[in-house]
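Structure, as structure tokens:
The values are calculated or read from the model by the stated rules, or taken from the named source; none is laboratory data. Everything numeric in this text was worked out from a predicted model, so none of it was measured. Here the Cβ positions follow ideal geometry from the backbone for every residue, glycine too, while neighbour counts run over all protein chains shown. Protein only, heavy atoms only, side chains kept; ligands, DNA and RNA dropped before computing areas. Shrake-Rupley method; radii C 1.70, N 1.55, O 1.52, S 1.80 Å.
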Amino acid sequence: MIVAEVVRSGFVESVHHGIVAVTGRPGVGDVHSPFFPRSSSKPLQTVGLLDCGLEPREEADLALISGSHDGDTFHVERVRAMLAAAGLGPEALLCPADLPLGTAPRNSWLRAGGDAEPILMNCSGKHAGMLATCVINGWPLDSYLDAKHPLQLALADAVAALAGEPIAAVGVDGCGAPVLAISPLALANSFLRLVEAEPGTPRRRVADAMRAHPQLVAGTGTDDTVLMNSVPGLLTKKGADGVAAAAIAGVGAVAIKISDGSARARTPVLLAALRELGVAVPSMDEVVLGGGRPVGEVRAVPYG
């Protein structure tokens, strides 16, 4: 189903199809068929790390473990400190070498003569959390990304429990870690279970850490950071290939997937879904440029 339109100079020049799952409502498209939530599943995996005995240095570390960071200095140094607390160095990371995800941190890094490194990769916080959990349990470090590793088996169980349905498929995410297929509606329900969990439980600790430290989940001025800073109680996490999920306790949750994987339609559709729940969200226009100036927008198609 069409969920977004790209409008240029008043003319619809292209459209995006997608799926929108909203708790307690019909939603749009097939909300029951499994898909890969990509990085939107990181908070669920972090719950699994806590279930396995992870002992973060401080609660803010849980936000970075659950995030896709921009690679700013404060992100990278926190990952380094997390590894050091586990008696490890950056060489233990098995995520691929990359440049910072954020434009400003990447440009600064390149101007300083820097090259791609695993610790700069946006998933390095998650990997540091996985490694620290392996150290606590005495599990092998050189194979922690293997889907049959004790850590990954435990994380799959945790995700399935939060989703309320079995894992439909196991793939390899961009960072090399397993990515687990669940349905969009299950992803939305999972986020709602995080924010509505009892205080102090692993589920609630992850939700509270992310909402208290949104700049560690993403970066300065990024969509997730802006939304969590702007909407009291909102938990949100985007994922690659047009995925996002969000929830507010006592209100509901949403999960979206843009079928062609486009990032440009993700935020407008997510905001529209939250408005369907009655959530007051900030204006975050996805602008279409012509001649270097705004001439249109990417807008969600009304539904419901």
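Structure above, values below:
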item	result
Residue among A163, A186, A147 that is small (G, A, S) and either touching a His at 6+ places or on another chain (Cβ under 6 Å) or surrounded by fewer than 23 Cβ atoms within 10 Å (Cβ to Cβ) (or both)	A147
Of all residues making up the range 57-98, the number that are touching a Lys or Arg at 6+ places or on another chain (Cβ under 7 Å), hydrophobic (A, V, I, L, M, F, W, C) and open to solvent by 60 Å² or more (accessible area, probe 1.4 Å)	1
Residue ID - least open to solvent (accessible area, probe 1.4 Å), chosen from residues in the range 1-40 that are part of a loop (DSSP other than H, G, I, E, B), of a type in the set (A, V, I, L, M, F, W, C) and out of contact with any helix residue (DSSP H, G or I) (no Cβ under 9 Å at 6 or more places or on another chain)	F36
Residue count for the range 264-275, restricted to those that are surrounded by fewer than 19 Cβ atoms within 10 Å (Cβ to Cβ) and touching a residue at least 24 places away in the same chain (Cβ under 8 Å)	1
Residue count for the range 189-231, restricted to those that are under 22 Å from R78 (Cβ atoms), touching a residue at least 24 places away in the same chain (Cβ under 8 Å) and surrounded by fewer than 22 Cβ atoms within 10 Å (Cβ to Cβ)	10
